[in-house]
Structures are given as structure tokens and as C-alpha cells.
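All remarks here apply to the structure that follows.
FYI, it's all coordinate maths here, none of it is from the lab. What you see is a predicted model, and the numbers here were worked out from it, not measured in a lab. Heads up, the Cβs are rebuilt from the backbone with ideal geometry, glycines too, and the neighbour counts pull from every protein chain shown.
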Amino acid sequence: MRQPGAYSNLLSGGKMGPHSLPLARIKKIMKKSGEDVKMISGEAPIVFSKACELFIEELTKRAWAMTLQRKTRTMHKEDVAAAVMETDIFDFLVGLVSHTPNPSATLES
Amino acid sequence: MVDSIGPNHSNKQRGLRSSPYTNYAAAAVSGEEEGALKEQERLLPIANVGRIMKQILPPNAKISKEAKETMQECVSEFISFVTGEASDKCHREKRKTVNGDDICWALGSLGFDDYGDSLKRYLVRYRETEGERVANQNKAAAAAEAETRAGGVSPLHFGFDLMEKRRIN
């Protein structure tokens, strides 16, 4: 699939680094979000790759604050859950962190 | 000599085209494994997610696998959530294509103002660079067209290429 290659070449030329998240996968997830989502411009997954980075960074920092409260240096999923509960803009995640099935419990990696 | 094509193709194909036929093919794929593959498609890779998490934390920080998995789930939910909002806006405005501006708007609308602002700047820079790249391609295409006119290669070839690159359907 040439698309991601074209963009990396463009962006590694200087001002912007290559993406740290796969554009094709982002596009797939976008499409699954609803029946109405049919056409996606080429730049939308690129914007999302940056937005997801910012999102991961913010949630991770807040989760880390919870980890430190437990006086330990290993972040657990409970810390992520606690950060979600604490932050208004993460309300959409409350249902998810309350009962996320643990994939590693059901299958061998 | 017969090449094997179609459903009996090797498992390597699965990564390239996730059609139901390639999954059906390998008799070794159990129901559980198949579920796991579908699971992977709706999540961003754990290695990428884990790396971003690690980079923002102090060097001696440790992250459990469960925490990374939870983060994967959260990011996918984030993408769905924001896309839904952007898509609704497009629908209201009778537009068919969700673009970068719609994503920026949706982020602001859902409370992620900081993201929206810095991403607008990112988008402006991206479009500028894209404009340069397209202009350079046009120059190259024009030069190539002059060269190949005698050779009979259709000059429209480059035009269609550009269109393909600009739009994901």
C-alpha cells in the first residue's frame, strides 16, 4: 500500500517526523466507528496519528500520577482507570475501563 | 504446473488483504485465533502505543502489559468517538468526506481544545508541504511527458496517480 510511504517521504524531509502510528489501521478504526463514515480524506488519518499521540501522552501522564500515589514505579491498568475517572474529558471511556475484558487472560501471546 | 491462488494462499496474505476468504483458508486457525486477529484490526499496535507511553515517562518507569492493552482500547475508543462527532458534522453540512479540519473541530467540540489548536497548526504545515510536493510532482510529470510523448506513454498516467494519492476511499 503506497499511501503511507508517500506521506513518510514527504514528512521525513524536515519539519515533521514520520508517523508513530500506522495510518492504514487508523483509517480502519475510523471506518468502523459508524455506518455514515464512508469517505475519509487523506489528511484525516495523519491528523489523527498526531491527536492519538497527544491523547496517549495525556492519559499516560495522568495514570502515572496515580502510580506514584501507590508509591510504586510500575503502571497498572488500575492507574489508567483511575485517571479516566478523574478527568472530565475522558468520560467517554468510563464504561470501557470499568469492564474491559483482559485479552492476555484469554489467549496465549 | 499450477500456482495456488485464491483461498488456499499462504497465511502471509492475511496481513495484506483481510478478506474473509484468507481466514477461512487455513485449517489451523481456531475460532479463538480468528477472534484475536479481528481484535488486532480494531486496535493500534501495542508496540507503537507502548513506545509513546514510555517516551513521556521517566526512564525508570515500568508499564505493565495490561496497562498498555488498556491504553490500546482507550485510543481506539477515542478515534471512534471523535470520528463520530466529525462525521455528524459532515452529515449536517451535507458533505461526504471527513477531512482534517473536521477532526480538529470535533476535538475542540469534545473538550480536547489543546489538541485541536496544535493540530490546526500541524495541518497548515502539512498542507503547505503537500502543496510543494504536488507542485514538484507536476513539474516532474510535465518534464516526463515531454520526454515520453514519442514513446506513446499516456501523460494522463501521472494525473490519475495524483488523484489516487489525495483521496482514500
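Inside 10 Å of the C-beta atoms of A:87-93, what's the mean count of C-beta atoms belonging to other chains?
Values: counts 1, 1, 5, 4, 2, 9, 6.
Other-chain Cβ atoms within 10 Å of each residue's Cβ, averaged: 4.
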Mean Cβ-within-10 Å packing, highest first, puts peptides B:131-144, B:41-54 in the order B:41-54, B:131-144
How shielded is B:58-69 by partner chains, expressed as the average number of their Cβ atoms within 10 Å of its Cβ atoms?
6
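With r defined as the distance between the Cβ atoms of B:Gln137 and A:Lys28 and R0 fixed at 41 Å, what FRET efficiency is calculated, to the nearest 0.05?
Details: r = 27 Å, r/R0 = 0.66.
Efficiency, from the Cβ-Cβ distance: 0.90.
Mind giving me the FRET efficiency for B:His91 and B:Asp113? R0 is 22 Å, r the Cβ-Cβ distance, nearest 0.05 is fine. Provide the component values of the computation, followed by the final result.
Values: r = 23 Å, r/R0 = 1.05.
For R0 = 22 Å, the calculated efficiency reads 0.40.
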Please list A:53-63, A:83-93 highest first by mean number of surrounding beta-carbon atoms within 10 Å per residue.
A:53-63, A:83-93
Using mean Cβ contacts within 10 Å as the protection proxy, how do B:96-104, A:70-78 order, highest first?
B:96-104, A:70-78
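Using the structure shown, select from A:Lys28/B:Lys89; A:Lys38/B:Lys68; A:Lys77/B:Lys38; A:Lys50/B:Lys139; A:Lys50/B:Lys68 the pairs with a Cα to Cα distance greater than 26 angstrom. Kindly include the intermediate steps, with their values, before the conclusion.
Numbers: A:Lys28/B:Lys89 20 Å; A:Lys38/B:Lys68 30 Å; A:Lys77/B:Lys38 22 Å; A:Lys50/B:Lys139 30 Å; A:Lys50/B:Lys68 18 Å.
Result: A:Lys38/B:Lys68; A:Lys50/B:Lys139 exceed 26 Å.
Using R₀ = 45 Å, calculate the FRET efficiency as 1/(1 + (r/R₀)^6) where r is the Cβ-Cβ separation of B:Ala36 and B:Lys120; round to 0.05.
Efficiency, rounded to the nearest 0.05: 0.75.
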